[in-house]
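S.K.: The structure under discussion is supplied below as structure tokens; questions concerning it will follow.
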Amino acid sequence: MQSAALISVIAGYALFLVIHAGLADAQRRDNHQRLAASLLLQLRGATPPALPLENETLQIRLHSEGPELLPQQQSLAGGEQWLVSRRRVSTAQGDWQWLELRQNITDSLAKERFSQLLLLAVAGGSILLTFVLLRLVLRRGLELPLQKLEHQLQALDADNLGDHLLDPDHQPHELRPIALAFNHLQQRLAVAWKLESSFVDGVAHALRTPITLMSGHAQRLQRHPLPLELQRPISVMASEAKRMGLMITMLRDLSRANAGRLDLQLEPLDVDQQLLIAYERLGLVADGRLLLPSPASELPSTLIADHRRLQECLDALVRNALLDSEGPVSLEASIEEDWIVLHVLDSGNGMSSSERSLEFQRFRSGTSSSRLRGSGIGLSLVDALLKAMDGNLQIADAPDGGADCQMRFRRSLSPPSP
């Protein structure tokens, strides 16, 4: 917009200079024609002027031969500019002659160039002033409001839809319809989001009981001797029922976290102890691939979190790492300034930057070639649980290749509870 406005101003001044030069040239030729017409009348009169007449600015001669010549500009060797014309005239004696009128227009052209330079200077100053004023107007009236609007839109999340409506009265006139339309869209999305959360919570609650019954019956059947052809189907049924039960629990927790109804029992927890608990609990399902290096020789640190939810996060990240890679998975901890970081490192192919930005989306599984299958809600649930505990989840590249899933908590120096 600014460039188009400046181009328009420059084009307008250029057109004005061209028109001004054309009008000045037309005025000189018209004055020349008037002077020639006046001389013709005097030559036809009773007392014609004595010719030739020559001076520095005007030369008038009579020629016995033509042809007629319209006013045209001629340049002399000294740089002078003359306007020359020749017209047929009948003298008092009845002869035909040609009146040649030569007019020095060097000073006129110099004044014209000076006026053009003056106009160019005025145009340059005007363009500069227009640029500055236009820049200020666009910045105050459009650029800054758009940046503020962008920051407000970037701060919106699914959990706070409808809570931070834009104020149309504080927006420029051009942006008010956009603000109103976005407020209406945000309100509709907030209603739809609440209905979705309620639906997911209700479905998870309704499915939990039959899934639990299926899992219980399958485990009860496994305690009795079964024919060989039924052992594997029953085992698969028990495993799938357990996996479905875990998914239902994750869906329910995710819905409650989004609705702000997640029950948390926050307490100081010892970092090394929490990693050891996760290692002992998940070591059986990892088939020896889960590693727990010796803790670093640092002072014991504590973090504030819910013990059960923290173990759920570690469980989801470890299982996700076991699916993403075929090598070992390590549990480590580190301290980075005011943060305590729990690491789950795998030896897979890692994640690209574009995949990391999409990995926390619900029902989206990773695209790693070694991944077997996944529900697509594990990382999104971990992210929601950590945010509820004032932490966050980040995915980085592991030092030896693979992915480094980092659970980051605010550091607490208080001793852990006994």
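The values are calculated or read from the model by the stated rules, or taken from the named source; none is laboratory data. Bear in mind the structure is a predicted one, so any value in this text is a computation, not a measurement. Counting neighbours? That spans all protein chains shown, and the Cβs are built from the backbone with ideal geometry, glycine included. SASA here: full protein model, heavy atoms, side chains in, ligands and nucleic acids out. Shrake-Rupley method; radii C 1.70, N 1.55, O 1.52, S 1.80 Å.
S.K.: What is the one condition in (1) modelled with pLDDT under 85; (2) open to solvent by less than 80 Å² (accessible area, probe 1.4 Å); (3) closer than 11 Å to Glu100 by Cβ that Gly45 does not satisfy?
M.R.: (3) is the only condition that Gly45 fails.
S.K.: Within the bounds of the range 218-231, is there any residue that is assigned to a helix (DSSP H, G or I), out of contact with any helix residue (DSSP H, G or I) (no Cβ under 7 Å at 6 or more places or on another chain), on the phi < 0 side of the Ramachandran plot and at pLDDT 85 or above?
M.R.: Yes; the residues of the range 218-231 include at least one that is assigned to a helix (DSSP H, G or I), out of contact with any helix residue (DSSP H, G or I) (no Cβ under 7 Å at 6 or more places or on another chain), on the phi < 0 side of the Ramachandran plot and at pLDDT 85 or above.
S.K.: From (1) at pLDDT below 90; (2) buried (at least 16 other Cβ atoms within 10 Å of the Cβ), pick out the condition that doesn't hold for Leu345.
M.R.: So the condition that Leu345 fails would be (1).
S.K.: Return yes when Arg309 is surrounded by 20 or more Cβ atoms within 10 Å (Cβ to Cβ), assigned to a helix (DSSP H, G or I) and within 38 Å of the chain's Cα centre (by Cα) and no when it is not.
M.R.: Judged against the criteria, Arg309 is a match.
S.K.: Does Leu246 meet the test of being surrounded by 16 or more Cβ atoms within 10 Å (Cβ to Cβ), under 24 Å from Val344 (Cα atoms), touching a residue at least 12 places away in the same chain (Cβ under 8 Å) and not acidic (Asp, Glu)?
M.R.: Against the criterion (surrounded by 16 or more Cβ atoms within 10 Å (Cβ to Cβ), under 24 Å from Val344 (Cα atoms), touching a residue at least 12 places away in the same chain (Cβ under 8 Å) and not acidic (Asp, Glu)), Leu246 does not qualify.
Results for (1) acidic (Asp, Glu); (2) under 30 Å from Asn31 (Cβ atoms); (3) open to solvent by less than 80 Å² (accessible area, probe 1.4 Å); (4) part of a loop (DSSP other than H, G, I, E, B), shown as yes or no for each residue.
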site: Ile127; (1), (2), (3), (4): no, no, yes, no
site: Leu133; (1), (2), (3), (4): no, no, no, no
site: Leu136; (1), (2), (3), (4): no, no, no, no
site: Lys148; (1), (2), (3), (4): no, no, no, no
site: Gln152; (1), (2), (3), (4): no, no, yes, no
site: Ala179; (1), (2), (3), (4): no, no, yes, no
site: Asp201; (1), (2), (3), (4): yes, no, yes, no
site: Thr209; (1), (2), (3), (4): no, no, no, no
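S.K.: When the residues of the range 1-16 are filtered to those that are open to solvent by 60 Å² or more (accessible area, probe 1.4 Å) and of a type in the set (S, T, N, Q), which remaining residue is modelled with the highest pLDDT?
M.R.: Ser8
S.K.: Can you pull out every residue in the range 48-74 that is open to solvent by 80 Å² or more (accessible area, probe 1.4 Å), more than 23 Å from Arg28 (Cα to Cα) and touching a residue at least 24 places away in the same chain (Cβ under 8 Å)?
M.R.: Ser64, Glu65
S.K.: Moving on. Which of the numbered conditions does Val236 fail, given that it passes all the others? Conditions: (1) β-branched (Val, Ile, Thr); (2) open to solvent by less than 30 Å² (accessible area, probe 1.4 Å); (3) free of Cβ contacts under 8 Å to residues at least 24 places away in the same chain.
M.R.: (2)
S.K.: Can you name every residue in the range 249-288 that is open to solvent by 60 Å² or more (accessible area, probe 1.4 Å), part of a loop (DSSP other than H, G, I, E, B) and free of Cβ contacts under 8 Å to residues at least 60 places away in the same chain?
M.R.: Across the range 249-288, the qualifying residues are Arg261, Asp263, Gln265, Leu284, Val285, Asp287, Gly288.
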